[in-house]
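Each remark here refers to the structure printed beneath this line.
Each value in this text was obtained by applying a stated rule to the coordinates, not by laboratory testing. Everything numeric here is computed off the predicted structure, so don't read it as measured data. A quick note on method: Cβ atoms are made from the backbone with ideal geometry, for glycine too, and the neighbour counts reach across all protein chains shown.
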Ligand SMILES: Nc1ncnc2c1ncn2[C@@H]1O[C@H](COP(=O)(O)OP(=O)(O)OP(=O)(O)O)[C@@H](O)[C@H]1O
C-alpha cells in the first residue's frame with residue numbers, strides 16, 4: 001500500500017468492516033510482470049482462520065504481507081480491526097503480526113526460545129513481564145509448554161510452528177500471518193496444528209491467516225482462499241455452491257475464496273506431549289521489516 005500519499009479514509013469500508021477483524025475488497029497487487037495477486041474480497045471474523053493456497057508463485061506470500069498491511073504494492077480496500085489500512089498503514093500494522101514469511105521472517109534456529117522471546121520483546125517494544133503473562137496464557141490455551149532453554153532448531157516440529165505464532169502474539173494482535181504452515185509439521189500433525197491456531201485466536205479475538213502448500217488444509221469454519229497461477233480472479237464463494245456470495249453464478253475464471261462451513265463435531269480436544277516454557281508482552285512493530293520499506297526496484301521482499 002502507498003505510504004507516500006495518504007488516501008482519504010474510506011468511511012464506508014470502515015463501516016462495512018464492523019464486526020470483522022479484516023475486511024478486504026478488490027484487494028490486488030501488480031508488479032512489473034503483471035498481477036501478483038487478486039483482486040479478491042474477504043471478510044474475517046474474530047477467531048476465524050483463513051488458509052491461502054495455490055501453486056508456487058501464485059502470490060501467497062505477497063498476499064500474506066498485504067493482509068497484514070506490509071505490502072506496498074497493495075491496492076483496493078483493506079480494513080484491519082476498524083482501521084483503514086490504506087489510509088493509515090502504520091496504525092494498521094500495529095494490529096498485525098508476522099509469524100513467518102518465506103525465508104525472510106523466521107525465528108532464528110540457533111537462538112533459544114528464551115533468546116527469541118527477548119528479541120521479539122525488544123523489537124515489538126513489549127514489556128518482559130507482560131510477555132511472561134502472555135506466554136502463560138498461550139501455554140494454557142494450547143495445553144502445553146515448551147522448554148525455552150532449547151534452541152529453536154532443537155524443538156519438535158509442532159513446537160516450532162506453535163512457537164512461531166506465539167512469538168508473533170507477544171503483543172496484542174488482531175491478524176497473524178504464517179507462511180508454509182502445513183509443511184512445518186509432519187502430515188499427521190497438520191490437523192492438530194490448525195486446531196491450535198484456531199485456539200490461539202481466542203487470545204485477542206484475532207484471525208490467523210496461514211499459507212499452505214496443500215490445498216486441503218482449511219479446517220471447518222475457516223475461509224479457504226485459492227490463488228490461481230497469476231490469473232485475475234474475484235469471488236467470494238460458499239462451499240458446495242457454484243455461486244458468489246450474492247448468489248450470482250460464479251465466473252469460472254475467478255479465484256476461489258471459499259467459506260468452509262463449521263462442523264461442530266470437529267472441536268475435539270487435542271493432546272500434545274512436552275512441557276516447559278514461560279513468557280513476556282507489550283508493543284512496537286517488530287514486523288516492519290517486510291515489503292513496505294523496500295524500494296520499488298528492490299528484489300521481491
Ligand atoms: N515486492 C514485489 N514486487 C514485485 N513483484 C513481486 C513482489 N513480491 C512478489 N512478486 C511477484 O509475485 C510472484 C508471487 O510471489 P510469492 O512469493 O508471493 O508467491 P508464492 O505463492 O508465495 O510462491 P511460493 O509458494 O513459491 O513461495 C513472484 O513470482 C513475483 O513475480
Condition first: more than 13 Å from the chain's Cα centre (by Cα), within 29 Å of residue 80 (Cβ to Cβ) and not in a helix (DSSP H, G or I). Now tell me which residues in the stretch 147-182 satisfy that.
170, 171, 172
Count, please, the residues in the stretch 70-110 that happen to be farther than 19 Å from residue 26 by Cβ, assigned to a strand (DSSP E or B) and either more than 16 Å from the ligand (Cβ to nearest atom) or out of contact with any strand residue (DSSP E or B) (no Cβ under 8 Å at 6 or more places or on another chain) (or both).
2
Any chance the stretch 123-131 includes a residue that's assigned to a helix (DSSP H, G or I), within 16 Å of the ligand (Cβ to nearest atom), crowded, with 19+ Cβ neighbours inside 10 Å and in contact (Cβ under 8 Å) with a residue 24 or more places away in the chain?
no
Verdict on residue 135 being within 16 Å of the ligand (Cβ to nearest atom), touching a residue at least 12 places away in the same chain (Cβ under 8 Å), under 19 Å from residue 108 (Cα atoms) and touching a strand residue (DSSP E or B) at 6+ places or on another chain (Cβ under 9 Å):
no
Selection count, the stretch 50-69, where residues are in a loop (DSSP other than H, G, I, E, B), more than 19 Å from residue 17 (Cβ to Cβ) and within 17 Å of the chain's Cα centre (by Cα)
3
With respect to the numbered conditions (1) on the phi < 0 side of the Ramachandran plot; (2) assigned to a strand (DSSP E or B); (3) within 16 Å of the ligand (Cβ to nearest atom), which one is the sole condition not fulfilled by residue 38?
(1)
In the stretch 8-25, which residues are free of Cβ contacts under 8 Å to residues at least 24 places away in the same chain and in contact with a strand residue (DSSP E or B) (Cβ under 6 Å, 6 or more places away or on another chain)?
none
